[in-house]
Amino acid sequence: MEKRSIEDGIITLIRKAETELPNDVIAALKHAYQIEEGIAKIQIETILKNVDLAKKSGRPMCQDTGIQTFFVRVGIRYPHMDNLKKAITNAVKKATKEVPLRPNTVDPFTGKNQGDNTGYYIPNFTWDFGDGADVSITAFPKGGGSENMSKLGMLKPGVGIEGVKDFVVNEMIKASGNPCPPTVVGVGIGGGADLVMKLAKIALLRPVGIRHKDKKIAEIETELIDRINKSGIGPMGLGGKTTVLDVHIEKAHRHPASLPVGIVVQCWADRRANMVIYSDGNWEVK
């Protein structure tokens, strides 16, 4: 457990997310290496070498260090809520220089780069609240290439779940090699246009290889993995057996007249890291 400032802890969190790929993702990539052949195998081998080098050197595993995105769960008895958002934002500014991170926040009207990875609504926060007095934070740097493959479909309810599955498969085939496969695909179903895209991104927080607790949804996840991988798009779009490492689904109840489907794609660099801030100000990056 650390006793430095919370900002130091968040910088450590960001550095870990940018330089160390989670073990579940590494295991999935190693499995892909075992089953691939030819150029696909070479691509996975290169990715694994890059992952190893990034961890050993403490440097970001990709030049696109992403939009700094945080999922924050706050215990309702946490005593320092008034300073938490400011601490995370300040840490992002410092991490831009210290990690370092590529400045990625550009004004959509002027094109001016903020220079420190902050700006209007950035860092991107998703807040949740629960029991206790601690704070759990997941850092989730989101790269532009994979984010560009996000899709929102407002389907007619009559197409049913079969229509949902076809939509996901077709959009991932259209994406081809653009999101730097093998990817992890988050799918949201239900809710409304805004909620379903948020659900798709939340789905990406689940470790690779962990199926949904609902057996029927888990079966659909497995089916989608199989169908997308049979496309033959393969690593980096050069052909092969592994186009996706995983597909995760989350759902919300919907309006009877709407069947929203959201897709958010994560490239092979499925970056995420977690920390806990305790009520006494100590913190731990896990």
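The single condition from (1) surrounded by fewer than 22 Cβ atoms within 10 Å (Cβ to Cβ); (2) at pLDDT 95 or above; (3) at negative phi that Gly239 fails is (3). The set of residues in the range 52-103 that are hydrophobic (A, V, I, L, M, F, W, C) and in a helix (DSSP H, G or I) comprises Leu53, Ala54, Met81, Leu84, Ala87, Ile88, Ala91, Val92, Ala95.
Arg271 meets the conditions (1) surrounded by fewer than 23 Cβ atoms within 10 Å (Cβ to Cβ); (2) in a loop (DSSP other than H, G, I, E, B) in every case but one. The failed one is (1).
Every residue in the range 231-262 that is of a type in the set (A, V, I, L, M) and in contact with a helix residue (DSSP H, G or I) (Cβ under 6 Å, 6 or more places away or on another chain), please. Lay out the reasoning, then the answer.
So in the range 231-262, the residues of a type in the set (A, V, I, L, M) come out as 233, 236, 238, 244-245, 247, 249, 252, 257, 259, 261.
Passing the criteria: Met236, Leu238, Val244, Leu245, Val247, Ile249, Ala252, Leu259, Val261.
Across the range 85-126, the qualifying residues are those that are over 22 Å from the mean Cα position of the chain (by Cα) and on the phi > 0 side of the Ramachandran plot, and the one among them that is surrounded by the most Cβ atoms within 10 Å (Cβ to Cβ) is Gly115.
Output the residue which, of all residues in the range 142-163 that are touching a Ser or Thr at 6+ places or on another chain (Cβ under 8 Å) and in a helix (DSSP H, G or I), is surrounded by the most Cβ atoms within 10 Å (Cβ to Cβ). Checked the range 142-163; the qualifying residue surrounded by the most Cβ atoms within 10 Å (Cβ to Cβ) is Ser146.
Mind checking which residues of the range 183-214 are assigned to a strand (DSSP E or B) and surrounded by 22 or more Cβ atoms within 10 Å (Cβ to Cβ)? Break it down into steps so the answer makes sense when it comes.
First, the residues of the range 183-214 that are assigned to a strand (DSSP E or B): 183-191.
Within the range 183-214, Thr183, Val184, Val185, Gly186, Val187, Gly188, Ile189 meet the criteria.
The values are calculated or read from the model by the stated rules, or taken from the named source; none is laboratory data. Note that the structure is a prediction, hence the values are computed from the model and not measured. Here Cβ is always computed from backbone atoms with ideal geometry, including for glycine, and neighbour counts include all displayed protein chains.
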